[in-house]
Amino acid sequence: MSKQRHPQSAGLIPSALLAGDRRAVARTISQIEHGEVAPGTWSAALRSHLGRAHVLGITGAPGAGKSTLVHAMLGEMLARGRRIAVVAVDPSSPVSGGAVLGDRVRMGEHGAHPDVFIRSLATRGHLGGLSSSTEEIVDVLDAAGFDTIIIETVGAGQSEVEIMRVADTRIVACPPGLGDSVQAIKAGILEIADLLVVTKSDLPGADSTVRDLQDMLHLRAKTSAGQWTVPVLASRANSQADVAALLDQVDAHLGSAGRAQRLQRRPTAKASRSADDAQALVLRLVSADPFARSLGISCTEAGAGTATVAMALGPQHLNFNGTCHGAVIFALADTAFGLASNSHGKIAAGIDAHITYQQAARAGDHLLARAVEVSRSRKLAVYRVDVTRGDGAMISSFTGTVYVTGIEVAVPTQETM
């Protein structure tokens, strides 16, 4: 592994990057992706240069037409005189581990334009619809002077709402024919939409999908940002009028909600002052969890919205192949998820979880599961959990969504257990 450097201490912030030079931008993003600098160091070094760009997130199910929509929006934005960067998150190649590059191929017509910069990122097993480095790369593009930064997520499901933490304006693309499945996914990505767009609206079922989404919105309270009312737009990517109308709504939302919201969501000194109370609560919760104790799980670190738990694998944790049982790894990750999501003092009920396994673990391995809060609203919160071995090797990745109740967490006493 190459030696990590700190861009600020080493004087590595080039003037070409701040001037928006494409090669300097690409080189910096590659450093982040390849781990040549520690995570977060570019964001810290560029802090004084951030906050100018409007970050537009586009998410939706696979095949919803996100890339085609982004391509059409690029043409309209260029016509309006804007400099645009696109971060397209693609599935990882099973061969190289890099991005499949499908999104970049569809946007190729605009890729050579001097006012457009397109970068594909691989998820590399990271759940939530983005890659683990997306937010820091957005900071680099912001500092480089782009007016608009578009993030297109990988095809997202119900719980993959990490875009909520990064984007100022969130578009959810919905293809025609959703029908009753609107009800099935409304607790996930539809809940975070600032604009709902029915793509491919010239296909059968588009009008019905528009009505279904409008009916769903009647059950949803207005957002706090300027009491914005979420519009439902029918759009055809080959219709300039439809794309122009969509961008008009994007600009209207920007005027209502503002930009640089991701910077406001980052931890503050006020949040850190509550860490001691959160830590004490989490330690009480894990000590009152008989299932965690039966597996040998202990809590090593905790705070508001985060928890790290540890477990030493023994023969009782193995499956018939002699490797750690997948259910044990899930239980470890789920314990960290449950502790982190309840650390705020309100009962958080899990409603969705996804897990991937990168490699096997064996008896004698010491595993850590670290849960961090990805996004949080009044009723929903999303958490990411990385399960690693003692040597730092990634064992598993987990994401979970909780419904936040208004009920105070009550820790059982020895008498009630």
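The values are calculated or read from the model by the stated rules, or taken from the named source; none is laboratory data. Please read all numbers here as calculations on a predicted model, not as lab measurements. Using ideal geometry, Cβ is built from the backbone for each residue, glycine included, and neighbour counts are taken over all protein chains shown.
Residues in the stretch 194-220 that are within 20 Å of the chain's Cα centre (by Cα) and more than 11 Å from CYS174 (Cα to Cα): 1 in all. Candidates in the stretch 30-66 are the residues that are assigned to a helix (DSSP H, G or I) and within 18 Å of the chain's Cα centre (by Cα); of these, the one that is surrounded by the most Cβ atoms within 10 Å (Cβ to Cβ) is LYS66.
Being surrounded by fewer than 16 Cβ atoms within 10 Å (Cβ to Cβ) and on the phi < 0 side of the Ramachandran plot is the filter here, so list the residues in the stretch 373-393 that pass it. Passing the criteria: SER377, ARG378, LYS379, GLY390, ASP391, ALA393. Is at least one residue of the stretch 115-136 at pLDDT below 95, crowded, with 24+ Cβ neighbours inside 10 Å and assigned to a strand (DSSP E or B)? The answer is yes; a qualifying residue exists. Being in a loop (DSSP other than H, G, I, E, B), among the small types (Gly, Ala, Ser), surrounded by fewer than 14 Cβ atoms within 10 Å (Cβ to Cβ) and assigned by TED's automatic domain parsing to the domain that holds ASP352, is that true of even one residue in the stretch 310-327? Yes, that holds for at least one residue. One residue stands out among those in the stretch 202-216 that are in contact with a helix residue (DSSP H, G or I) (Cβ under 9 Å, 6 or more places away or on another chain) and aliphatic (A, V, I, L, M): the one that is modelled with the highest pLDDT, which is LEU213. From the list VAL70, VAL87, VAL95, the one residue that fits, being at pLDDT below 95, surrounded by fewer than 23 Cβ atoms within 10 Å (Cβ to Cβ) and not aromatic (Phe, Trp, Tyr), is VAL95. Of the residues making up the stretch 335-368, those that are buried (at least 22 other Cβ atoms within 10 Å of the Cβ) and within 19 Å of GLU162 (Cα to Cα) number 6.
When the stretch 368-410 is filtered for residues that are assigned to a strand (DSSP E or B) and free of Cβ contacts under 8 Å to residues at least 24 places away in the same chain, the ones remaining, listed by number, are ASP386, THR388.
Yes or no, residue by residue, for (1) modelled with pLDDT of 80 or more; (2) assigned to a strand (DSSP E or B):
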site: PHE146; (1), (2): yes, no
site: ILE149; (1), (2): yes, yes
site: GLY157; (1), (2): no, no
site: MET164; (1), (2): yes, no
site: ARG170; (1), (2): yes, yes
site: LEU178; (1), (2): no, no
site: GLN183; (1), (2): no, no
site: LEU190; (1), (2): no, no
